[in-house]
2 protein chains.
Amino acid sequence: DTIPSDINIPDNYVAHTLSTTKPLPPITWNNWWKELNYISTTILTVTPAIAIYGLFTTKLHWQTALFSVFWYFVTALGITAGYHRLWAHRAYNASPALEYALAAAGAGAAQGSIRWWSRGHRAHHRYTDTDLDPYNAHKGLLWSHIGWMLVKPRRKPGVADVSDLSRNKVVMWQHKWYLYLFIIMAFLVPSVVPGLGWGDYRGGFFYAGAMRLTFVHHSTFCVNSLAHYLGATPFDDKHTPRDHFFTALVTVGEGYHNFHHQFPMDYRNAIKWYQYDPTKWFITVCYFFGLASHLKAFPEGEIKKGQLTMELKKLERKSQSVVWPKSSNDLPVITWESFQEQSLTRPLILISGFIHDVSSFLDEHPGGRHLLAKMIGKDASTAFFGGVYDHSNAAHNLLAMMRVGVLQHGLELESERAIPPSQRLQIVRAV
Amino acid sequence: DTIPSDINIPDNYVAHTLSTTKPLPPITWNNWWKELNYISTTILTVTPAIAIYGLFTTKLHWQTALFSVFWYFVTALGITAGYHRLWAHRAYNASPALEYALAAAGAGAAQGSIRWWSRGHRAHHRYTDTDLDPYNAHKGLLWSHIGWMLVKPRRKPGVADVSDLSRNKVVMWQHKWYLYLFIIMAFLVPSVVPGLGWGDYRGGFFYAGAMRLTFVHHSTFCVNSLAHYLGATPFDDKHTPRDHFFTALVTVGEGYHNFHHQFPMDYRNAIKWYQYDPTKWFITVCYFFGLASHLKAFPEGEIKKGQLTMELKKLERKSQSVVWPKSSNDLPVITWESFQEQSLTRPLILISGFIHDVSSFLDEHPGGRHLLAKMIGKDASTAFFGGVYDHSNAAHNLLAMMRVGVLQHGLELESERAIPPSQRLQIVRAV
Ligand code: HEM
Ligand code: HEM
Ligand SMILES: [Fe+2]
Ligand SMILES: [Fe+2]
Ligand SMILES: [Fe+2]
Ligand SMILES: [Fe+2]
């Protein structure tokens, strides 16, 4: 257990595994009852049933309501700050006190032991969106939210090493005593605190226990469903993970999931300090109290590179959606004599070596028809570029759309003025 | 008057005028009283003085308050939809009824006749940010807001043609009767309507007359001051005009001024229908009632080009702020033998032809130290690119930063994998 499970992994592991191992048959109306995972199905149906029964039979005291919210955050942080960022991703180091606290709190969220959870989660990151990912988002929202737990896994999740966790004292302690810790943290404490505090054992059990647990469950599940479905991809769009404030809100900060899949060992999910990520705030506070150290943050420049790539992609698409002027290579070369001659029959104007047909624009010219008209058959470069009026970049861009030819020997190739402002910076593809 | 004033303008007009005509001496503490423009100074100080006197001596009836706001919008639209967009910029055509209404309403804003106003405004657009611009923003907020009207112009504004307006019946009618129209619309109507309506002549005079006029004045002035000072430059940053919602709010929609200076003959100042621009909404409503026609809108593709250029500029700056990997030209070529030999003393890994030194990363590797360690002195391309784990784009970018050499004959130049994702799209300069 303490030797990395992937130490001898072959170089073609993924392709080889996918092609040589067969998945179980797909779930259908005929076989689902045979394929159920009875333990998790029971937990995930009985808990909300208890909560609903409680809702209709038990008065909610305000103290119990407040305590339920508090206990929701305690146990959810056990998962987000503990299971997820500390153990699955090693995003920081925690002092023993904090480790024990997180391990206990996480047990109250009833999502299995740290080791089991991290095993699956690391496979999720290693094989995102493939069949080796236990909660493959390509199989639909229902599957990634809860379906994958209700039935037997269709495939063994891909190999993921958790030998570092097998060597961790706190993780193994929690693994060993998991059942007791679960009962204590999920139901005993939330019943006893309101009971001793303000005599509300029953409300504590139903609201801070069952109801709170139902919310924590679906909060975590949303990280696998909603966070792979809703929102933007500011860092990379290779895979399904997405950033959305709403997801962050319902998952105690795990909703900036596009960032997280790019930079999984960063202790933050949202980089800006003010973006909603209570888990990051909690870790920062622990750091100030000396309970956490070695907070890992991906280098800022590398994070910027991801954003840059995505923004460039967007701009490339935008630039492909507009019509660009003809380049000098695609235009006929016209002699001065021919330019003069043609100007007698249509309104041609020479500007920085290009010959433009302004027929459609004569009456539209904001500077008036007369200023264009008197330049027909002439070089209007000086007038256009500030002699008479320093035209806007937009006017220069528009001008280029009226190109019909290049004056022989006339192109000011060396000059900025031969290139419309919208074409001075261009996006090129390296491959 | 009906022949364009700039019909014989020379090609070097701007430079020539600036170098051959002398401005009046600058305003100082010693000469300002000699340089005052007494008429406009009187109007711009007496009006607010009357308003303040009224404020302290006159009860405000709610009907008068409502009517004042209404009259504010009527007279302000006379300026924005009439003076500015219709006459100064010819952004649409108006039916005679609408023209007369706008000419009358605009007179109630006490900003001079349409012809005088458009003359100055066209010079402002033609010579933006130069000394030929009557309200040159480079001379400071106070100057462009109000200073330019309080003293004699330091220079004759640059030539701007208004012969089209001299040919316009409504414009000339307003010019002729301006004084009467001003008195009627600025003070008479706003006194009489509340007077006959609910017996509040006095309140009408002070609130709907003087107070409202003060607000309309400074609202228009903000277009010359605030709109050249506050906000973003999404379309072009060659000159001072800027876009800001706040400016739009206080100027009945003229606050998207960066757009406006790029596309002055567009009937909109804000392109999105929902962006705050009541003047655009007003024109649209007139269009639906057949009162306005030929609404000019700059082609969408050309508008996009402006945005694209500005966004590319920003990204170029961003890309210059990060450290990029060394290119193969800047790296030593290393033979296979030398690679093997050097790998004995430091952790070198070969991936797609580049040799990387992973010393600083061994213990940071999220996939664990062991997976890197076993690849030292080997080609890890297959494993890195999905054989074992399909690394994120971020990981590939980071990898490139560890380059220390190129394997002799080994560079997969033709392959995408030799180029980190952040360098596949690049911004290049055409000049
Ligand atoms: C085909 C060539 C031309 C095109 C496409 C063009 C386009 C434009 C455009 C789009 C504007 C609006 C303001 C701006 O965007 O900057 C404008 C304004 C103007 N143009 Fe041109 N122009 C051309 C040629 C000329 C020439 C040759 C002259 C002078 C001899 C001239 C004089 C002016 C003036 C004075 C204005 C300012 C109008 C005002 O703001 O009142 N234009 N032009
Ligand atoms: C110097 C070369 C390498 C660099 C810079 C590197 C970088 C990274 C980074 C940044 C991650 C985090 C996840 C991500 O961004 O995708 C990662 C994860 C991983 N790497 Fe590497 N890696 C390197 C070489 C390798 C090699 C050669 C292997 C396999 C033989 C490997 C296997 C893994 C695995 C399995 C993970 C997933 C860990 C998890 O999510 O639990 N890496 N690597
Ligand atoms: Fe995920
Ligand atoms: Fe994760
Ligand atoms: Fe302006
Ligand atoms: Fe304007």
Inset, instruction - Kindly state which strands (runs of 3 or more DSSP E) lie completely within the range A:321-431 and contain at least 1 residues that are surrounded by 15 or more Cβ atoms within 10 Å (Cβ to Cβ) and at the interface with chain B (Cβ under 10 Å from one of its Cβ atoms). - result: A:425-429
Legend entry - Test: residue in the range B:251-272 that is within 20 Å of B:W71 (Cα to Cα), more than 16 Å from ligand 4 (Cβ to nearest atom) and free of Cβ contacts under 8 Å to residues at least 40 places away in the same chain: no
Inset, instruction - Scan the range A:363-392 for residues that are touching a residue at least 24 places away in the same chain (Cβ under 8 Å) and more than 18 Å from A:S343 (Cβ to Cβ) and jot them down. - result: A:F385
Legend entry - Unique residue being in contact with a Leu (Cβ under 6 Å, 6 or more places away or on another chain) and either without any contact (Cβ under 8 Å) to a residue 24 or more places away in the chain or among the aromatic types (F, W, Y) (or both) when the list is A:Y92, A:Y135, A:Y100, A:Y127: A:Y92
Inset, instruction - With the condition kept exactly as written, say whether any residue in the range A:243-250 is over 12 Å from the mean Cα position of the chain (by Cα) and closer than 26 Å to B:G368 by Cα. - result: no
Inset, instruction - Identify all residues within the range A:384-397 that are under 45 Å from the mean Cα position of the chain (by Cα) and either of a type in the set (V, I, T) or closer than 14 Å to A:I419 by Cβ (or both); write none if there are none. - result: A:N393, A:H396, A:N397
Legend entry - Selection count, the range A:297-320, where residues are surrounded by 16 or more Cβ atoms within 10 Å (Cβ to Cβ), touching a residue at least 24 places away in the same chain (Cβ under 8 Å) and aliphatic (A, V, I, L, M): 4
Inset, instruction - Go through the range B:160-187 residue by residue and tally those that are out of contact with any Ser or Thr (no Cβ under 6 Å at 6 or more places or on another chain) and either among the acidic types (D, E) or farther than 25 Å from B:S118 by Cβ (or both). - result: 1
Legend entry - Answer from B:I271, B:I283 - the residue that is in contact with a Leu (Cβ under 9 Å, 6 or more places away or on another chain) and farther than 25 Å from B:G147 by Cα: B:I283
Inset, instruction - Keeping to the range B:110-137, report how many residues are among the aromatic types (F, W, Y), outside any helix (DSSP H, G or I) and more than 13 Å from ligand 1 (Cβ to nearest atom). - result: 1
Inset, instruction - Starting from residues that are facing chain A (nearest Cβ under 7 Å) and acidic (D, E), keep the ones in the range B:300-320 and report whichever is nearest to the chain's Cα centre (by Cα). - result: B:E311
Inset, instruction - Would you be able to say whether some residue in the range B:20-34 is out of contact with any strand residue (DSSP E or B) (no Cβ under 9 Å at 6 or more places or on another chain), hydroxyl-bearing (S, T, Y), at negative phi and assigned to a loop (DSSP other than H, G, I, E, B)? - result: yes
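Rundown of residues vs (1) away from chain A (no Cβ under 14 Å); (2) within 15 Å of ligand 5 (Cβ to nearest atom); (3) farther than 30 Å from B:N30 by Cα; (4) aromatic (F, W, Y), yes/no style:
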site: B:T130; (1), (2), (3), (4): no, yes, no, no
site: B:A137; (1), (2), (3), (4): yes, yes, no, no
site: B:R154; (1), (2), (3), (4): yes, no, no, no
site: B:V159; (1), (2), (3), (4): no, no, yes, no
site: B:D164; (1), (2), (3), (4): no, no, yes, no
site: B:M172; (1), (2), (3), (4): yes, no, yes, no
site: B:I183; (1), (2), (3), (4): yes, no, yes, no
Legend entry - So A:S338, is it in contact with a Lys or Arg (Cβ under 7 Å, 6 or more places away or on another chain) and away from ligand 3 (no atom under 16 Å from the Cβ): no
Inset, instruction - Could you please find all residues in the range A:167-186 being of a type in the set (D, E, K, R) and not in a helix (DSSP H, G or I)? - result: A:R167
Legend entry - Residues that are touching a helix residue (DSSP H, G or I) at 6+ places or on another chain (Cβ under 6 Å) and within 14 Å of chain B (Cβ to nearest Cβ), drawn from the range A:4-44: A:P4, A:I7, A:D11
Legend entry - Pair list, Cβ < 7 Å and 6+ apart or interchain, from the range A:195-211 residues that are free of Cβ contacts under 8 Å to residues at least 12 places away in the same chain to residues that are of a type outside the set (D, E, K, R) and crowded, with 23+ Cβ neighbours inside 10 Å: A:G195/A:G204; A:Y201/A:P194
Legend entry - Scan of the range A:138-166 for residues that are surrounded by fewer than 21 Cβ atoms within 10 Å (Cβ to Cβ), within 13 Å of ligand 2 (Cβ to nearest atom) and either in a helix (DSSP H, G or I) or without any contact (Cβ under 8 Å) to a residue 12 or more places away in the chain (or both), ordered by number: A:S163, A:D164
Inset, instruction - Could you check, for the range B:64-82, whether at least one of its residues is more than 14 Å from chain A (Cβ to nearest Cβ), surrounded by 20 or more Cβ atoms within 10 Å (Cβ to Cβ), aromatic (F, W, Y) and within 16 Å of ligand 6 (Cβ to nearest atom)? - result: no
Inset, instruction - Pairs only if they're at least six apart or on different chains, beta carbon under 6 angstrom, first in the range A:5-17 and part of a loop (DSSP other than H, G, I, E, B), second surrounded by 19 or more Cβ atoms within 10 Å (Cβ to Cβ); list them, first residue then second. - result: A:S5/A:V159; A:S5/A:D161; A:D6/A:V159; A:D6/A:D161; A:I9/B:V388; A:D11/B:A383
Legend entry - 2 or more residues within 16 Å of ligand 5 (Cβ to nearest atom) and of a type outside the set (F, W, Y): qualifying helices (runs of 4 or more DSSP H) within the range B:187-286: B:212-224, B:245-250, B:257-262
Inset, instruction - Tell me which of these A:T240 doesn't satisfy, since it passes every other one: (1) more than 12 Å from ligand 3 (Cβ to nearest atom); (2) within 14 Å of chain B (Cβ to nearest Cβ); (3) surrounded by fewer than 24 Cβ atoms within 10 Å (Cβ to Cβ). - result: (1)
Inset, instruction - Could you please let me know if B:L132 is under 27 Å from B:G290 (Cβ atoms) and either buried (at least 20 other Cβ atoms within 10 Å of the Cβ) or within 16 Å of ligand 3 (Cβ to nearest atom) (or both)? - result: no
Inset, instruction - Go through the range B:63-109 and give me each residue that's among the charged types (D, E, K, R) and part of a loop (DSSP other than H, G, I, E, B). - result: B:R90
Inset, instruction - Return yes or no: is B:G253 within 25 Å of A:Q307 (Cα to Cα), away from chain A (no Cβ under 14 Å) and more than 16 Å from ligand 1 (Cβ to nearest atom)? - result: no
Inset, instruction - Quick one: which residue in A:V252, A:V223 is hydrophobic (A, V, I, L, M, F, W, C), within 16 Å of ligand 3 (Cβ to nearest atom) and at positive phi? - result: A:V252
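Every number here is computed from the coordinates shown, using simple stated rules; none is lab data. Since we're looking at a predicted model, the values are computed, not measured. Positions of Cβ are generated from backbone atoms using ideal geometry, with glycine treated the same way; all protein chains shown enter the neighbour counts.
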